[in-house]
Every structure is written in structure tokens, then in C-alpha cells.
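These notes concern the structure reproduced below.
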Amino acid sequence: MIWTLFVFPLFLLLCGFPVFLVLLSAASVSVLVHFNVSPTVLHQVIFGTLDSFALLAVPFFIFVGEIMGSGGVSRRLVGWCDALFANIRGGLPITSVAACTVFGAISGSSPATVAAIGRITYQPMRDAGYTPQFATGVLTSSGVIANIIPPSVAMILYGASAQESVVKLFTAGILPGLLFAASFIGYIYWRAVKENMASAHAFSWRRLWTETRKGVFALGMPAIILGGIYTGVFSPTEAAGVACVYAIIVTMFIYREVDLKGLFTIAGDSAFRTAQIMVIVACSGVFSWLLTTSGTAPALVSWFEDLNMSPLVALLAINVFLLLVGAVLDTASSILLLTPLLVPIIKALGIDPVHFGIIMTVNLSIGMFTPPFGLNIFVAQAIFGENLRVIYRGIAPYIAISILVLLTITYVPGLSLWLTRIGG
């Protein structure tokens, strides 16, 4: 069983096979070799895995992120953030972090955030005298916030896989997401003061009012999504559907930057990205079912208990493991593959699964901009046209800051759970 469930899929991964094919192949071989059941059970589990109301939110939020990125919303969010922060030293990069935070509260996607905000703020930063290394570092790393602050696609996938409340996960992600934004802004401000960077312009209430009027419908999006969820008006899935309708109305009829042809193009791109995620979800469901029926998960729990690790040491080991995984596998695949293995272990250690969901999301989100295979790095290279070496040097300080924030989130559970307890 070890050979078919662990060694064989690891070999396929090293050979460069797609993750969904790795999971399906390992499951198929295991069923044929070790289980006296009909192979048709694979079909039943695949379709049963996708039969989840929570997973319906994934295509909706992907579509919202795509249409808002193409419909002028990101540009208006940047303008509003610029009116707030550009009078501060390092105002342009601080504006980029703030815009990534607000846009992340709409799209829930790290690469989409890097692409949408990067297209708008990268060249102004270069024109203002910031080095390519500094500008790419800010934008490539700030996309991590979108994966952590709600609504997060990663949290939806974890909630579906671990059978935890998506609303609780969203609530738990608010303070960690804001902590990341505050840490990045603090570092940028420190650099700006140290290197005597100038502010872009003086603060103006008139300009702030003008940018607020321009961006009021864009700023209304996170208010509708999160306000509706936390007040109980609708579930995360229903909120995603409402957000889609709102996004279409705003971009097509108010901003008029998306026409019917553009809408169909965006819908097609969203469907393609949704299919990429859902095929992994389906195949990971089969793999998870095998781990459960074969007794692998309980065996791992027993092995961990035999090691006699304290929860603090176990969390440190899991953090290191997840950071390494996040650097080579995408977030969705990692969550769907590892959640069935790790959740029984952390429950046995007495760790809150909602808190662990935030830890896991943060770890794998850091992997989004960690060499060698962080997806944000390749998005940044494609958009900014910079050498990978320049991007690597730019993101290095933010990786260090992110690990410090990760340790804080790991060992101060109240950061994640305080708001959920108030709501509860």
C-alpha cells in the first residue's frame, strides 16, 4: 500500500505529471491491486466529491476576480488607495499593498491580484525612481494577502476538504490578512525613511473625495460580499453569486468597460480556470477516500502520537513541511492532497481545525511567491518582463517577514480565533 499510495505518486510528480493525473493514477492502481471492489467505485467517489454546495462558490469567485480585473475596478481601487497613502514616504508601494488587500477581498486569488494591481502600479513605481527589484518584490509578495483575507478560494477548498465552516474560516482570516498587510507596509515605510524616499504628492481631501466617488461601486464589492456573509443574509456560495451579478452590472452598465463579447471571453477564461481546479478536487476526493478506507490516516495519527511530540514542536515541523510543499506545488493541489492527512493529526494534538486552516493557508500562500516554482513569480515575470534573478532578490525580505508573521499566527491562536468566538 505504501508503494501505490506514496512512492508511486511521488515518482509521477518528479517525472512532471499533472497533479490530477498523479492522484487518479495512484488511486486507480491502489484499487486494482489492493482492494476487492469494482473500479466503478472511482466514478462514484469522483462525482460525489464534486457534489458540494460550498464548492459552488469557487467558480463564482473566480469569475468575479476576472471581471473586476478587466472592468476598471482595480484601477479605481488603486486611485482610491493612492489618494489615501501617496503623501506618505514610500506612498506608491504602500498604495500597491493596500490595493492588493482591497482587491484580494474581492477576488480571493493571489495570481489575479498580482496581475490586476501590478499592471497599474508597477510602471508608476519605476517612473518614480524605485528599482525593478524593489517594485517587483512589493507586488509579487503582496498577492499573498488575497489568499488569506476573505473571501479566499484556498479557504473554501480547505473547508470543503476538512468539512469545516467556510464562514468561520473567512472570519478567522481577517486579522491574519490585515497583519500581513500591516507588516509589509511597516517594512516599506522603514525602507522609505531609511533611504529618504520622497512622497508622491501632498494629501488632499478633495482628491480623496473625487477618488471615492469614482470608486464607490468598486469599494462596495467587499462590503456586499463580507457584509452579507457575516450578517447572515446569505452563505458564502450565495454571496459569490450575488457578487457575480453585481460585478456584471458595475462593469457593463456603470463603468461600461466590458461589453457582451468581453463578458463571454471572461466567462470562458473563468470556466477554464475553474475546470483546472475542479479536476484536482475530483481526483483528490478519490485519493482521500483511499487514505480513509485503507486506514492510512489513523496509522499516521498513531505514528505521530508515538513520536510523543508536543503540539508546539509538531506545528513547527508541519510548518516547515508545508513551506517546502508550497514552494513546489500550487495551493489548491496542496490543500486537497494534504488536508485529509494532516487534519486527523492536528485534531489528535488538540489543535483547533479552523486555526490550522489559517496556518495551512498562510504556509501555502507564502509558497506562491517562494522560489523555485511560486506561481506569483511567473505571473510577475510575464507582466513586468524582469529577470527572475531580479524578482528573487526583490521578494527575499518579504519571505523573511512572512515567516515571522506565520510563526506569530501559529503560536498566537487568538489572532485567528478571537473574531470567530465573538461571532459564535
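The values are calculated or read from the model by the stated rules, or taken from the named source; none is laboratory data. From a predicted model like this one, the values you see are computed outputs, not experimental measurements. Cβ coordinates were reconstructed from backbone atoms using ideal geometry, including for glycine residues, and neighbour counts include every protein chain displayed.
Key figures
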| item | result |
| --- | --- |
| Scope the stretch 294-306; condition in contact (Cβ under 8 Å) with a residue 24 or more places away in the chain and assigned to a helix (DSSP H, G or I); matching residues | Thr296, Ala297, Pro298, Leu300, Val301, Phe304, Glu305 |
| Output for the stretch 274-301, where each listed residue is buried (at least 17 other Cβ atoms within 10 Å of the Cβ), more than 20 Å from Leu329 (Cβ to Cβ) and either of a type in the set (Ser, Thr, Tyr) or under 19 Å from the mean Cα position of the chain (by Cα) (or both) | none |
| In the stretch 231-285, residue modelled with the highest pLDDT [restricted to those that are of a type in the set (D, E, K, R) and in a helix (DSSP H, G or I)] | Lys261 |
| Tally of residues being at pLDDT below 80 and of a type in the set (A, V, I, L, M, F, W, C) across the stretch 51-65 | 3 |
| Subset of the stretch 199-234 [touching a residue at least 12 places away in the same chain (Cβ under 8 Å), surrounded by fewer than 14 Cβ atoms within 10 Å (Cβ to Cβ) and not hydroxyl-bearing (Ser, Thr, Tyr)] | His201, Ala202, Gly220 |
| Which listed residue is surrounded by fewer than 21 Cβ atoms within 10 Å (Cβ to Cβ) and either closer than 22 Å to Ile145 by Cβ or at pLDDT below 90 (or both), from Phe369, Phe373, Phe356 | Phe373 |
| For Met309: the one exception among (1) assigned to a helix (DSSP H, G or I); (2) surrounded by 13 or more Cβ atoms within 10 Å (Cβ to Cβ) | (1) |
| Per-region count, the stretch 317-326, residues closer than 24 Å to Met278 by Cβ and surrounded by fewer than 22 Cβ atoms within 10 Å (Cβ to Cβ) | 1 |
| Residue check for Leu329: outside any helix (DSSP H, G or I) and either free of Cβ contacts under 8 Å to residues at least 12 places away in the same chain or surrounded by 15 or more Cβ atoms within 10 Å (Cβ to Cβ) (or both) | yes |
| Elements of type helices (runs of 4 or more DSSP H) contained in the stretch 336-424, each with 1 or more residues being acidic (Asp, Glu), in contact with a strand residue (DSSP E or B) (Cβ under 6 Å, 6 or more places away or on another chain) and over 22 Å from Phe287 (Cβ atoms) | none |
| Residue in the stretch 377-385 that is under 27 Å from Pro9 (Cα atoms), under 20 Å from the mean Cα position of the chain (by Cα) and without any contact (Cβ under 8 Å) to a residue 24 or more places away in the chain present | yes |
| Those residues of the stretch 1-24 which are in a helix (DSSP H, G or I), modelled with pLDDT under 75 and more than 13 Å from Leu337 (Cβ to Cβ), in sequence order | Ile2, Trp3, Thr4 |
| Residue in the stretch 25-48 that is in contact (Cβ under 8 Å) with a residue 12 or more places away in the chain, buried (at least 18 other Cβ atoms within 10 Å of the Cβ) and not in a helix (DSSP H, G or I) present | no |
| Matching residues, the stretch 245-273, being surrounded by fewer than 18 Cβ atoms within 10 Å (Cβ to Cβ) and under 19 Å from the mean Cα position of the chain (by Cα) | Asp269, Ala271, Phe272 |
| Within the stretch 112-125, considering residues that are under 22 Å from Gly374 (Cβ atoms) and either of a type in the set (S, T, N, Q) or without any contact (Cβ under 8 Å) to a residue 60 or more places away in the chain (or both), the one surrounded by the fewest Cβ atoms within 10 Å (Cβ to Cβ) | Ile120 |
| Residues of the stretch 60-71 that turn out to be buried (at least 20 other Cβ atoms within 10 Å of the Cβ) and either more than 30 Å from Val102 (Cβ to Cβ) or not β-branched (Val, Ile, Thr) (or both), as a count | 8 |
